[in-house]
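Coordinate-derived values only; no laboratory data. All figures in this text were calculated on a predicted structure; none of them were measured in a lab.
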């Protein structure tokens, strides 16, 4: 529960606040992915998570750069959504004793995170365009495309992982 409002009065302030949450989101994903890699038993899934970890580290750097240009600093603000999704993923990993079911749980958790990121970056890209921040919009578009590709890859991997777990 918040005791004090962030006092968001205009789109530029909302844009900056959302960028700060995006930074926190990416930092939390960087922290969560090593466990997801470790707990994956499907080699293709583990590889996808490893590759996305490297991309996510790049996203942290890109969002920090945008924030520095916008505010002079790269400070994060808590993203409650990603905190909840990470907690759900951790619970799913603990609860799934069967490795096939755990892989399905990891894919599901990963896609939930990707869908949130897609929503965040799509919104930020649109706002950057409205605010005439063309460089920001291009960077945010590139991040968005990587998140969409990660989601598509998880869908492809789920095709065989789901069938193997159901067998």
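Rg then Dmax, both in Å and based on the Cα atoms of segment 33-84: 14.4, 43. For segment 54-152, what class follows from the C-alpha gyration tensor (a ≥ b ≥ c being the square roots of its eigenvalues): rounded when a/c is under 1.5, otherwise prolate if a/b is larger than b/c, else oblate? It comes out prolate by the Cα gyration axes.
Rounded to the nearest 500, the helix-only mean residue ellipticity at 222 nm of the chain stands at -30000 deg cm²/dmol, with each DSSP H run of n ≥ 4 adding -39,500 (n - 2.57).
For segment 1-89, taking the reciprocal of the average inverse distance between every pair of different Cα atoms yields a Kirkwood hydrodynamic radius of 14.4 Å.
If you take the Cα Rg of the chain and divide it by 2.2 N^0.38 Å, with N the number of residues, what do you get? Walk me through the numbers before you get to the answer.
On the way: Rg = 17.0 Å, N = 167, 2.2 N^0.38 = 15.4 Å.
Compactness ratio reported: 1.10.
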